[in-house]
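Every number in this text was worked out from the coordinates using simple rules, so none of it is lab data. Computed from a predicted model, the values in this text were never measured in an experiment. In this analysis, Cβ positions are derived from the backbone assuming ideal geometry, glycine residues included, and neighbour counts consider all displayed protein chains.
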Amino acid sequence: MTNLRGGLIQMALKGSTDDTPENIRQAMLEAHLPLIDEAGAQGVQVLCFQEVFTQPYFCPSQDSKWYAAAEEIPEGPTCKLMQEYAKKYSMVIVVPIYERTNVAGVYYNTAAVIDADGSYLGKYRKTHIPQVAGFWEKFFFKPGASEWPVFNTAYCKLGVYICYDRHFPEGWRALALNGAEYIVNPSATVAGLSEYLWKLEQPASAVANGCWIGAINRVGVEEPWNIGEFYGQSYFVNPRGQIEKEASRDNDELIVHDMNMDMVREVRDLWQFFRDRRPDAYGPLVALE
């Protein structure tokens, strides 16, 4: 049996949203570092954090103050620091942060992927951007023009999908067809309808695509916006849609789990969903506006 040891970190906001993005970044990094060290001590091979993990979920506002939270990838301070930790622990690290580009006014919701030797492999930019009350993401993020990258890390073929993306089955399928065995979904999602979907959509996607999924959510309530409680419950779900390890609802927490990667081929050979696809019949779905 071939195991992949995964780690997921969920966390409440540290500091105040009245503070500067730079100070909040420093507080969040300081809070994460002991858990990264713990992951390294436990032999985690692939570690992922929550969506925009160095900042609050600032999208309930439409305040340009938060543009200052964005960093360059991979040249910015967070990526550089995570490259050091990846190399230190021979650990792949997925780094979801707010990305600043070299085009003024263009920002993305992005996850950088750092390999186990500390090298930068590339990034995934969130493809589907919501724009509804409490989630004014188009004010902050440009949609990514994804080619559904799959990263050949030291330990697995890794895909990334981000938060709202998870409602769209097409991306899960594209990542799996591109070879992803394990897909992480860093998120910031609050109680309500979302909580029911949290344990429905990603297990269903794991089954449909015969892959492991690591789902990460933050915890707590973030002032002054109070859009609801971030309900944690980060988890690992196997290719049969069974949740094998789950975090608490309200604690800062690292969860570690050994994923049986042989199950990916076993499930795909059993169900043969990829063989039985009919892309020749799906053209009207793409053509619909």
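Can you work out the PRE-style zone for Asp258? Point 7 Å along Cα to Cβ, and I want the residues of region 143-158 with backbone N under 18 Å.
155-156
What's the ranking of 276-286, 42-52, 192-202 by average number of surrounding C-beta atoms within 10 Å, highest first?
42-52, 192-202, 276-286
What does the convex hull of the alpha-carbon atoms of the chain project to on average, in nm²?
Average projection, Cα convex hull of the chain: 14.5 nm².
In deg cm²/dmol, rounded to 500, what helix-only [θ] at 222 nm does the chain give when every DSSP H run of at least 4 residues adds -39500 (n - 2.57) and the total is split over its residues?
Calculated from helices alone, the mean residue ellipticity at 222 nm is -7500 deg cm²/dmol.
How many nm separate the modelled label positions at Glu72 and Arg277, each set 7 Å beyond the Cα in the direction of the Cβ?
With each label point 7 Å from Cα toward Cβ, the separation is 3.7 nm.
Scale the Cα Rg of region 4-44 by the rule-of-thumb value 2.2 N^0.38 Å and send over the ratio, two decimals.
1.39
On a full-extension model of 0.36 nm per residue, what is the gain between Ala41 and Ala104, subtracting their alpha-carbon distance, rounded to one decimal in nm?
In short, 18.6 nm is gained.
Amide H to amide H, which residues 5 or more places from Ser234 or on other chains are under 5 Å from it, using H placed in the peptide plane?
Those qualifying (amide H under 5 Å, at least 5 residues apart or on another chain) are Asn217, Ala247.
Would you mind counting up the charge near Met263? Only other residues with Cβ under 12 Å from its Cβ, with Lys and Arg at +1 and Asp and Glu at -1.
With Lys, Arg at +1 and Asp, Glu at -1, the net is -3.
Using a simple spin-label model with points 7 Å from Cα along the Cα→Cβ vector, what separation in nm is obtained for Ser248 and Leu33?
2.4
Quick one: which of Lys87/Lys157; Lys88/Lys138; Lys14/Lys88; Lys88/Lys142 span more than 27 angstrom between C-alpha atoms?
Lys88/Lys138; Lys88/Lys142, as the Cα separations exceed 27 Å there.
Using Cα-only point scatterers and the Debye equation, what is log10 of I(q)/I(0) for region 12-85 at each q in 0.16, 0.27 Å⁻¹, rounded to two decimals?
Treating every Cα as an identical point scatterer, log10 I(q)/I(0) equals -0.62, -1.41.
Taking 2.2 N^0.38 Å as the expected size of a compact globular protein, what ratio does the Cα radius of gyration of region 87-174 give against it, to two decimals?
For region 87-174, the normalised Cα radius of gyration comes out at 1.16.
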